[in-house]
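Participant: The structure is given below, and queries will be raised subsequently.
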Amino acid sequence: MVLLSKITTDQYPCLRNLKQTTFIPEIPIVDLSKPDAKNIIVKACEEFGFFKVVNHGVSMESISLLESEAVKFFSMAFDQKEKVGPANPFGYGNKKIGQNGDIGWVEYLLLSNNQDFNSFKLSTAFGKDSQKLRCLLSDYMSSVKKMGCEILELMAEGLNIEEKNMLSKLVTDKDSDCIFRLNHYPPCPESRLNNNDNGGENVIGFGEHTDPQIISLLRSNNTSGFQICLKDKSWISVPSDHNSFFVNVGDSLQVMTNGRFKSVRHRVLTNGFKSRLSMIYFCGPSLSEKIAPLLCLIKGNERLLYREFTWFEYKKSAYATRLSDNRLGHFETN
Ligand code: GA4
């Protein structure tokens, strides 16, 4: 017979976090091959600003090939990686995030979809292998972008917007400002001491923030750590799933839907034992694109919550902020 009174949380650390547990909602799952995808997308964007995508159409081969090149890159000696740094904003970065004093337990490679903006040379760190990396990056980025546009078209349909490509055309635009980020979170000794895989005390890998763009498409290896903030301000851990993508609503989409969709606050906590590797594609419009609430979505005498601004204006102001700042405040109407 098992004596329940003998069970301690030292034996069963997973029990320790039960005190926090209220109701943990299920993360919405969108199957892109199903006819109800558009309705689930809209509901998920209203409720969470976040959802998981299966049957995404991005080949597992292109994902795995890029992932193994990324693992190779991050396992190089620090001074070798540093040759493609510092990230300003593009290039290799270590611990420092952005230019305004944010730090995290993370190293990363940040790239623009516009090659001219990537002032660093991958070949400096990769030598002749850089050509292979460039091809894998370009393959991956174009198929993830395609998935992003499919999602934006379903979203437009779900929102009953007549022009099916009203949102996706911002990303298919030849001058669209999309960014690709590879994040590597090495195992963190301090989180190991806490022996806590469930959040709580773990060291921050990437601090809480919202993404400035329209949507972001995230894929990671099977290491936990990613959390989202719910409407009631509580944080929940999102179970990792290396076969799926996760979609974040960004600030620009919050503006275009006049606050109906919420840009989701999210963060990454480090793991004490395993490395986490994530790849994020941020779908942004062209710098000259005007962002404002879409009038076709405004009902009756609903008030416009944001003034119009260009993506260039928004980016300029966003890059002057700290990671956790509310970047939209500046563009709200009174
Ligand atoms: C958050 C989303 C993307 O990772 C990013 C980040 C950017 C950076 O790392 O250079 C920023 C951050 C992000 C928003 C505020 C500014 C700029 C760091 C930072 C403190 C690439 C982006 O587009 O905005």
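The values are calculated or read from the model by the stated rules, or taken from the named source; none is laboratory data. Since the structure is predicted, the reported quantities are computational estimates derived from the model, not experimental observations. Positions of Cβ are backbone-derived with ideal geometry, glycine not excepted, and every protein chain shown enters the neighbour counts.
Participant: Given the conditions (1) under 20 Å from Gly205 (Cα atoms); (2) within 16 Å of the ligand (Cβ to nearest atom); (3) buried (at least 18 other Cβ atoms within 10 Å of the Cβ), report the number of the one that Phe73 does not fulfil.
Facilitator: The failed condition is (2).
Participant: OK, next. Of a type outside the set (Asp, Glu) and within 21 Å of the chain's Cα centre (by Cα): does that describe Ser33?
Facilitator: No, not satisfied.
Participant: Taking the range 320-334 as the search range and keeping residues that are exposed (fewer than 14 other Cβ atoms within 10 Å of the Cβ) and at pLDDT 95 or above, which one is nearest to Asp175 (Cα to Cα)?
Facilitator: Ala320
Participant: Just one of the numbered conditions (1) over 25 Å from Leu133 (Cα atoms); (2) at pLDDT 95 or above; (3) out of contact with any helix residue (DSSP H, G or I) (no Cβ under 9 Å at 6 or more places or on another chain) is not true of Asn183; which one?
Facilitator: Looking at each condition in turn, Asn183 falls short on (1).
Participant: Looking at (1) more than 15 Å from the ligand (Cβ to nearest atom); (2) within 24 Å of Asn55 (Cβ to Cβ); (3) among the small types (Gly, Ala, Ser), which is the only condition Ala292 fails?
Facilitator: (2)
Participant: Identify the residue in the range 226-250 that is in a loop (DSSP other than H, G, I, E, B) and more than 25 Å from Asp31 (Cβ to Cβ) and, among all such residues, is nearest to the ligand (Cβ to nearest atom).
Facilitator: The selected residue is Lys233.
Residue-by-condition table, conditions (1) closer than 21 Å to Glu107 by Cβ; (2) out of contact with any helix residue (DSSP H, G or I) (no Cβ under 7 Å at 6 or more places or on another chain); (3) polar (S, T, N, Q):
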| site | (1), (2), (3) |
| --- | --- |
| Ser237 | no, yes, yes |
| Lys274 | yes, yes, no |
| Cys296 | no, yes, no |
| Tyr306 | no, no, no |
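A quick yes/no check of all residues on (1) within 12 Å of the ligand (Cβ to nearest atom); (2) without any contact (Cβ under 8 Å) to a residue 60 or more places away in the chain; (3) assigned to a loop (DSSP other than H, G, I, E, B):
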residue: Ser252; (1), (2), (3): yes, no, no
residue: Ser263; (1), (2), (3): yes, no, yes
residue: Val268; (1), (2), (3): yes, no, no
residue: Leu277; (1), (2), (3): no, no, no
residue: Tyr281; (1), (2), (3): yes, no, no
residue: Glu313; (1), (2), (3): no, yes, no
residue: Arg322; (1), (2), (3): yes, no, yes
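Participant: Kindly evaluate Pro212 against the criterion of being buried (at least 16 other Cβ atoms within 10 Å of the Cβ), in a loop (DSSP other than H, G, I, E, B) and either touching a residue at least 40 places away in the same chain (Cβ under 8 Å) or within 16 Å of the ligand (Cβ to nearest atom) (or both). Please lay out each step first, then the result.
Facilitator: Values: buried (at least 16 other Cβ atoms within 10 Å of the Cβ): yes; in a loop (DSSP other than H, G, I, E, B): yes; either touching a residue at least 40 places away in the same chain (Cβ under 8 Å) or within 16 Å of the ligand (Cβ to nearest atom) (or both): yes.
Judged against the criteria, Pro212 is a match.
Participant: Further, regarding this structure: Which helices (runs of 4 or more DSSP H) sit wholly inside the range 77-187 and have at least 1 residues that are away from the ligand (no atom under 16 Å from the Cβ), of a type in the set (Val, Ile, Thr) and without any contact (Cβ under 8 Å) to a residue 60 or more places away in the chain?
Facilitator: 122-126, 168-172
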